[in-house]
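Visitor: Input: one structure, supplied below.
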Amino acid sequence: MAVRPPPSAAKGSRSNPKARKSATAGPSTLKSKVSKRPSSKQVKTKPGVHSQTLKASSGAKPSKRRQKTYTDKELKLPALNMITPVGVEKPRGKKKGKVFVDDKEGMMTILALVNAEKEGQIESKMIKARQLEEIREARRMEMEKKKEKKQAELDQVKKDLKKGKKRYDAPRENGPEVDKQKADGRKNGKPKKRVSFA
Amino acid sequence: MRALTDVETQTLFSKLANYTGRSLTQLIAPSDSTGDDDDRHVFRLHESRVYYVRLSIANLATSIARDHLLSLGTCVGKFTKTGKFRLHITALDVIAPHARYKLWIKPNGEMPFLYGGNVVKAHVGRWSEDCPEHSGVVILAMDDTPLGFGVTARSTAEARKLEPTSVVAFRQADVGEYLREEDTLFTT
């Protein structure tokens, strides 16, 4: 962007290399440079700094007022659809870093919270255990009853067996008849063949 | 060395509350204290270990450079890299007087326990009634000397029906560690 001075002026300005810079390079050296600079044919300027160069050429101090920067909110720009990770966004007016608990009250509050939570857990555990125990007890009772019943039945059968087969068979309706038939011979009426010695 | 943050305090207290009852408040605010602020005990974190120390001593310790300070007060345990808290055997003196559930072991069960074994039913002399399973328990000798702590394997009601060789409490720490873990117990 620097504008080269004409060859006649170049010799004189060689001792001061800064003089080669254009008027737009910086406001601090403007005054001296402008006074030394011979009439230039063409000065290229940025559109924004045009007024500044004018002021400088007129001999006034460059204004220190900085250009106002606008935030996104002020310009009413739509926010980008992106995720701000936790910890990146810094809350203002808050303490930086860790928050320590060193006072008695703060610790007591945390302890009360923890204690309440723990007691609740233990209580629920106890209730659960009690319920389970009840269920287990009920199941045990049922099993015992079943076992007793089975045992009683078995005992009855044993008792019957001890008293004899006769009585055991007694409840049969056609039992004696069959016995009779067997005693007589075959079922179809034919007498059983016998071999006897005279 | 610094005070604990609120999250750390909560983690620490919930771990301690596993073993102690409501009287844990006595640790922070002893009822027999004269109200002198320097006399109260505080928890301090130093190189991921938590120490239970008197405030006046903790304040004095600030004059020692961090890398020169090895330990102060009673070490309660350490924070793991994942933010959990591990109780050390050194915390036994802190939790034993405030224990919620206790389990006394007979003299014949002391040595197996102190060598790092779990507590079997045959070695149990007495136990607290109404103790649910998987709850923290302080293990004592028959003469009320605290020997360590652990978690119950079964509730008291269930444990009654068990055979003598079955485990009733899992060991977490025992005073035998002072000898067994001598090399690593106090190193960082």
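Visitor: Where residues in the stretch B:39-50 are more than 9 Å from chain A (Cβ to nearest Cβ) and not in a loop (DSSP other than H, G, I, E, B), which of them is farthest from B:Ala96 (Cα to Cα)?
Guide: First, pick out the residues of the stretch B:39-50 that are more than 9 Å from chain A (Cβ to nearest Cβ): B:39, B:41, B:44-50.
Filter once more, so that each one left must be not in a loop (DSSP other than H, G, I, E, B): B:39, B:41, B:44-46, B:49-50.
Details: B:Asp39: 21, B:His41: 17, B:Arg44: 20, B:Leu45: 22, B:His46: 24, B:Arg49: 20, B:Val50: 18 Å.
Applying the filter and picking the extreme gives B:His46.
Visitor: Hey, can you tell me all the residues within the stretch B:15-38 that are within 12 Å of another protein chain (Cβ to nearest Cβ), open to solvent by 30 Å² or more (accessible area, probe 1.4 Å) and touching a residue at least 12 places away in the same chain (Cβ under 8 Å)?
Guide: B:Lys15, B:Asn18, B:Ser23, B:Gln26, B:Asp37
Visitor: Go through the residues of the stretch B:125-135 one by one and say whether even a single one is away from every other protein chain (no Cβ under 14 Å) and either more than 25 Å from B:Lys15 (Cβ to Cβ) or touching a Pro at 6+ places or on another chain (Cβ under 8 Å) (or both).
Guide: Within the stretch B:125-135, one or more residues are away from every other protein chain (no Cβ under 14 Å) and either more than 25 Å from B:Lys15 (Cβ to Cβ) or touching a Pro at 6+ places or on another chain (Cβ under 8 Å) (or both).
Visitor: Among the residues that make up the stretch B:113-124, is at least one of them more than 29 Å from B:Ser14 (Cβ to Cβ) and in contact with a helix residue (DSSP H, G or I) (Cβ under 6 Å, 6 or more places away or on another chain)?
Guide: Taking every residue of the stretch B:113-124 in turn, at least one turns out to be more than 29 Å from B:Ser14 (Cβ to Cβ) and in contact with a helix residue (DSSP H, G or I) (Cβ under 6 Å, 6 or more places away or on another chain).
Visitor: Residue by residue through the stretch A:84-108, note down the ones that are under 20 Å from B:Leu4 (Cα atoms) and open to solvent by 80 Å² or more (accessible area, probe 1.4 Å).
Guide: Within the stretch A:84-108, A:Lys94, A:Lys95, A:Lys96, A:Lys98, A:Val99, A:Phe100, A:Glu105 meet the criteria.
Visitor: Going by the structure shown, is A:Leu161 surrounded by 10 or more Cβ atoms within 10 Å (Cβ to Cβ), in contact with a Phe, Trp or Tyr (Cβ under 7 Å, 6 or more places away or on another chain) and either charged (D, E, K, R) or at pLDDT 80 or above (or both)?
Guide: Details: surrounded by 10 or more Cβ atoms within 10 Å (Cβ to Cβ): yes; in contact with a Phe, Trp or Tyr (Cβ under 7 Å, 6 or more places away or on another chain): yes; either charged (D, E, K, R) or at pLDDT 80 or above (or both): yes.
Yes: the conditions hold for A:Leu161.
Visitor: So which residues in the stretch B:1-14 are open to solvent by 50 Å² or more (accessible area, probe 1.4 Å), facing another protein chain (nearest Cβ under 8 Å) and touching a residue at least 40 places away in the same chain (Cβ under 8 Å), if there are any at all? Give the steps one after another, and end with the answer.
Guide: Going residue by residue through the stretch B:1-14, those that are open to solvent by 50 Å² or more (accessible area, probe 1.4 Å) are B:1-2, B:6-7, B:10.
Subset that is facing another protein chain (nearest Cβ under 8 Å): B:2, B:6, B:10.
Correct list: B:Arg2 only.
Visitor: Turning to a different aspect of this structure: Could you list, in sequence order, the residues of the stretch A:133-145 that are at pLDDT 90 or above and open to solvent by less than 100 Å² (accessible area, probe 1.4 Å)?
Guide: Across the stretch A:133-145, the qualifying residues are A:Ile135, A:Glu137, A:Ala138, A:Glu144.
Visitor: Still on this structure: Does A:Glu105 count as part of a helix (DSSP H, G or I), modelled with pLDDT of 75 or more and acidic (Asp, Glu)? If you could, list the steps in order and put the result at the bottom.
Guide: Numbers: part of a helix (DSSP H, G or I): yes; modelled with pLDDT of 75 or more: yes; acidic (Asp, Glu): yes.
Against the criterion (part of a helix (DSSP H, G or I), modelled with pLDDT of 75 or more and acidic (Asp, Glu)), A:Glu105 qualifies.
The values are calculated or read from the model by the stated rules, or taken from the named source; none is laboratory data. The model shown is predicted, which means the values in this text are computed figures rather than measured ones. Counting neighbours? That spans all protein chains shown, and the Cβs are built from the backbone with ideal geometry, glycine included. Side chains included, ligands, DNA and RNA excluded: accessible areas come from the protein's heavy atoms. Shrake-Rupley method; radii C 1.70, N 1.55, O 1.52, S 1.80 Å.
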